[in-house]
Amino acid sequence: MGIAFDKISQTWSLHTADTSYQMQIGPLGYLLHLYYGRRLDESTEYLHLPRDCGFSPNPYELQDEREWSLDTMPQEYSGSNCGDYRLSSIRIETADGISGADLRVKSWEIRRGKYELEGLPSAYAREDDAETLSVILQDEAAALEVELLYGVFYKQNVITRAVRITNRGSAPLYLDKAASGCLDLPFGEWDLLHFHGRYAVERQAERLPVGNSVLSIGSKRGASSHQHNPFLILCEPSATEDSGECYGAMLAYSGSFRMDVEKDQGGSVRLVAGIHDEGFRWKLEPGAQFSCPELILSYTHRGLTALSHDLHRFIREHICRGIYASRPRPVLLNTWEAAYFDFDGEKILRIAKDAKDLGVELLVMDDGWFGHRDDDRTSLGDWTEDSRKLPGGLESLVEKLHMMGLKAGIWLEPEMVSEDSDLYRKHPDWALIMPGRKPQIGRSQLALDLSRPEVVDYLSEMLSALLQRSGVDYIKWDMNRNLTDLYSSELPPDRQGEIAHRYILGVYTLLDRLTREFPRVLFEGCAGGGGRFDAGMLAYCPQIWCSDNTDPIARLNIQYGTSFGYPPATIGAHISASPNHQTGRTTPLETRFCVATAGAFGYELDPGKLSTEEQETIRKQIRDYHSWQPLLDKGDYWRLTDDRGSFVAWQNLASDRSECLVSLVMREAEANPRPLHLRLKGLDPEAVYVLEEQRFPSGTDIKAMKKRCFTGAALMYAGITLPAMRGDYPCAILYLKIQDEK
Ligand code: DGJ
């Protein structure tokens, strides 16, 4: 059983296969955190010795026990204005002016299956795949009830957390902060590994020591953002890919978020994660409830790769939904870099014919097919086809694509509106604009006020009709600016602090309705590339366009950072033309292929502009991709190097260890190069692996590589040495398979 309560010590133990999480009802009913780490079957209530460290207050009822303070004991969900000066998890204000929160255990319950969060994306499970612990805390003076929810996923080594906050009083109260979770790590030194960036340079890994301060990552942009990702790792300073304690914390949330890490006076480290509290104020009427987004926690003592594997499996099996969660994704060709806004139906059909001839399965018509959108200044909101470009209408184009044997996809940006659009002319108040102020413009567009139910209803009806009549098989759901001017004409002044969260709830409602109504349509998330790459969006869109930067060398770092939390099948990765449109860099087609196979694979170019030789190469690429697709989608992704050396390497290993694809890309050309040596990982040491395929740039001297059969032990312990490769950005691809037992 995953969850156990020990009546004598008043301690809960939440067990997964390799981890244990413990908490205890302490003095006066305070909920104390005891332990989260390697699996153990003993209560750790002996661990935290009270100590008087001065200037840490004592609860009134314990005034003779100066050693006992909320400021020094590990907490499960820290209150505020009640003696714990560290990061708070919740801040409220009642109508009487009572502020802060002093929370004590009221009741608790263990349930089979996984809790659900109304209106928010969260992990799902069958009844026997997970258990739920619900602990209700209360602050009597404030008539506040806080339900802490824990979802225990035994096999995946994941514990999800969420919080529901209820006003049990007779007057409204205001939530000024409502975190999804708090995790105290009372002992040890920790590094923070997080993923920062900017447009076209998303999720760059940065590792920092947690010193005596607060480290804060987050977004106030109304989207999880290009700049920070709602995922971080706390690991031992000595932790490597292969060993060491690591905690992963990931929010299933796509709006403004905040993840703070504080080391306190006693050396204890606290993580608090949830909705960003700046500008947030939620009014709770008597009896009303507020749900905080889900926080996904995972722990391992086996290093960063093991942590990634647990999270990858969890996302694949408990976050991604719909038929494409487990089904191979079609190889797509997206027209954005092929044509930008310069296309019509004929050109699309010509690209489609060429693409089909190469083996592409899905043609995606990107931005520019609707309204009169010849550039990015107009028509968002008017989701009817531009008859100049598509005289026969969308249905006719989709039908023609289907007749060619292709699936058909279109680009949409439903959350936005252009000033030059019929929608804006009809409903100017539907845009986020502050009265008396000129709004900020982003990419010449305004954001719709999705905090308003009628806007969400309008969009869902309009999009449902569009999907119905057009028969498309795929939607690229884009979002090309961040929110500003948070003001909604529909909300009273004391509810304006709710808009950013209500906006993202509106996005989730829309996506929920459409994905349920059109279960066969593949939705791909996008926000100017990877500006909203998070587990919240993955609950609706099983793949997300990782970055607008399609340069394979720049992608190495972006995909490296993304891989810590998110599985390859969720990471949209396309082969584009060379020289690359974002960086101007020229790279070999094989290298672009190699990098794109580390994600949800596709193309982003005009196949008609390729040479006959390149077209033949792409035909083979697509055949190869299909033969490796089960391994790439369902196998485990192993980082073999970091992202800083002269080459970057990774491997995809089947979960039964029977086959392995090794990929290596040179970032720099070197004279008199050092040996290219790699140690593979995770193989069966006893088994013999046959090198069935090895691909190097032409001209590489592979004479010395005579050996074809290796034991897993040799490949892992001694490794493999590859021949030097010359030229700009070459790559090597090796495919190994366990020898058939005869
Ligand atoms: C941003 C996306 O990331 C691109 O791939 C493309 O769809 C453009 N928007 C279209 O405007």
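The values are calculated or read from the model by the stated rules, or taken from the named source; none is laboratory data. Note that this is a predicted model, so its numbers are computed, not measured. Ideal geometry is used to build each Cβ from the backbone, glycine not excepted, and the neighbour counts take in all protein chains shown. Side chains are part of the model used for accessible areas, which takes the heavy atoms of the whole protein and leaves out ligands, DNA and RNA. Shrake-Rupley method; radii C 1.70, N 1.55, O 1.52, S 1.80 Å.
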Original post:
What number of residues within region 307-343 satisfy the criterion of being buried (at least 24 other Cβ atoms within 10 Å of the Cβ), part of a helix (DSSP H, G or I) and in contact with a helix residue (DSSP H, G or I) (Cβ under 7 Å, 6 or more places away or on another chain)?
Top reply: 4
Original post:
Of all the residues that make up region 447-493, how many are within 16 Å of the ligand (Cβ to nearest atom) and over 24 Å from residue 377 (Cα atoms)?
Top reply: 2
Original post:
Looking only at region 344-384, which residues are in a helix (DSSP H, G or I), touching a Gly at 6+ places or on another chain (Cβ under 7 Å) and more than 15 Å from residue 398 (Cα to Cα)?
Top reply: 354
Subject >> Only one of 502, 520 that is open to solvent by 10 Å² or more (accessible area, probe 1.4 Å), away from the ligand (no atom under 16 Å from the Cβ) and part of a loop (DSSP other than H, G, I, E, B) >> reply: 520
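Residues being in a loop (DSSP other than H, G, I, E, B) and either under 23 Å from residue 546 (Cβ atoms) or open to solvent by less than 20 Å² (accessible area, probe 1.4 Å) (or both): count how many of those fall in region 221-263.
Of the residues in region 221-263, 13 are in a loop (DSSP other than H, G, I, E, B) and either under 23 Å from residue 546 (Cβ atoms) or open to solvent by less than 20 Å² (accessible area, probe 1.4 Å) (or both).
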**OP:** Answer yes or no as to whether residue 95 is in contact with a Gly (Cβ under 7 Å, 6 or more places away or on another chain), open to solvent by 10 Å² or more (accessible area, probe 1.4 Å) and small (Gly, Ala, Ser).
**Re:** no
Original post:
Looking at (1) touching a strand residue (DSSP E or B) at 6+ places or on another chain (Cβ under 6 Å); (2) open to solvent by less than 20 Å² (accessible area, probe 1.4 Å); (3) over 25 Å from residue 208 (Cα atoms), which is the one condition that is false for residue 289?
Top reply: (2)
Original post:
In region 381-404, is there at least one residue being aliphatic (A, V, I, L, M), within 12 Å of the ligand (Cβ to nearest atom) and open to solvent by less than 50 Å² (accessible area, probe 1.4 Å)?
Top reply: no
**OP:** Specify the residue that is surrounded by the fewest Cβ atoms within 10 Å (Cβ to Cβ); the eligible residues are those in region 528-546 that are within 14 Å of the ligand (Cβ to nearest atom) and either farther than 16 Å from residue 231 by Cβ or at pLDDT below 95 (or both).
**Re:** 528
**OP:** For region 178-189, indicate whether the set of residues that are more than 24 Å from residue 34 (Cβ to Cβ) and open to solvent by 10 Å² or more (accessible area, probe 1.4 Å) is non-empty.
**Re:** no
Subject >> Evaluation of residue 377 against (1) within 16 Å of the ligand (Cβ to nearest atom); (2) open to solvent by 10 Å² or more (accessible area, probe 1.4 Å); (3) farther than 20 Å from residue 526 by Cα (one fails), failing number >> reply: (3)
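Considering only region 405-438, state which residues are touching a helix residue (DSSP H, G or I) at 6+ places or on another chain (Cβ under 6 Å) and open to solvent by 50 Å² or more (accessible area, probe 1.4 Å). Before you say what the answer is, go through the steps one by one.
Just the residues of region 405-438 that are touching a helix residue (DSSP H, G or I) at 6+ places or on another chain (Cβ under 6 Å), to begin with: 406, 408, 414, 417, 430.
Residues satisfying the conditions do not exist here.
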**OP:** Scan region 123-140 residue by residue and report those that are modelled with pLDDT of 95 or more, assigned to a loop (DSSP other than H, G, I, E, B) and either open to solvent by 10 Å² or more (accessible area, probe 1.4 Å) or among the β-branched types (Val, Ile, Thr) (or both).
**Re:** 124, 125, 140
Subject >> Qualifying residue in region 113-123 (condition: without any contact (Cβ under 8 Å) to a residue 60 or more places away in the chain, closer than 30 Å to residue 278 by Cα and out of contact with any helix residue (DSSP H, G or I) (no Cβ under 6 Å at 6 or more places or on another chain)) >> reply: yes
Subject >> Any chance residue 459 is in a helix (DSSP H, G or I), among the aliphatic types (A, V, I, L, M), assigned by TED's automatic domain parsing to the domain that holds residue 541 and open to solvent by less than 40 Å² (accessible area, probe 1.4 Å) >> reply: yes
Subject >> residue 388 modelled with pLDDT of 95 or more and closer than 20 Å to residue 447 by Cα >> reply: no
Original post:
Is it the case that region 652-659 has a residue that's touching a residue at least 60 places away in the same chain (Cβ under 8 Å) and either open to solvent by less than 30 Å² (accessible area, probe 1.4 Å) or in contact with an Asp or Glu (Cβ under 7 Å, 6 or more places away or on another chain) (or both)?
Top reply: yes
Original post:
Restricting the first residue to region 282-301 and requiring it to be in the same structural domain as residue 174 (by TED's automatic domain parsing) and farther than 23 Å from residue 254 by Cα, which pairs with a second residue that is of a type in the set (A, V, I, L, M, F, W, C) and surrounded by fewer than 24 Cβ atoms within 10 Å (Cβ to Cβ) meet a Cβ separation below 7 Å and a spacing of at least six or different chains?
Top reply: 286/171; 300/306
**OP:** Please state which of the following conditions residue 193 fails to meet, knowing it meets all the rest: (1) part of a loop (DSSP other than H, G, I, E, B); (2) open to solvent by less than 30 Å² (accessible area, probe 1.4 Å); (3) within 19 Å of residue 298 (Cα to Cα).
**Re:** (1)
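Could you tell me whether residue 408 is of a type outside the set (D, E, K, R) and in contact (Cβ under 8 Å) with a residue 60 or more places away in the chain?
Working: of a type outside the set (D, E, K, R): yes; in contact (Cβ under 8 Å) with a residue 60 or more places away in the chain: yes.
Taking the combined requirement at face value, the residue satisfies it.
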**OP:** Identify, from the list 248, 287, the residue that is of a type outside the set (Asp, Glu) and at positive phi.
**Re:** 287
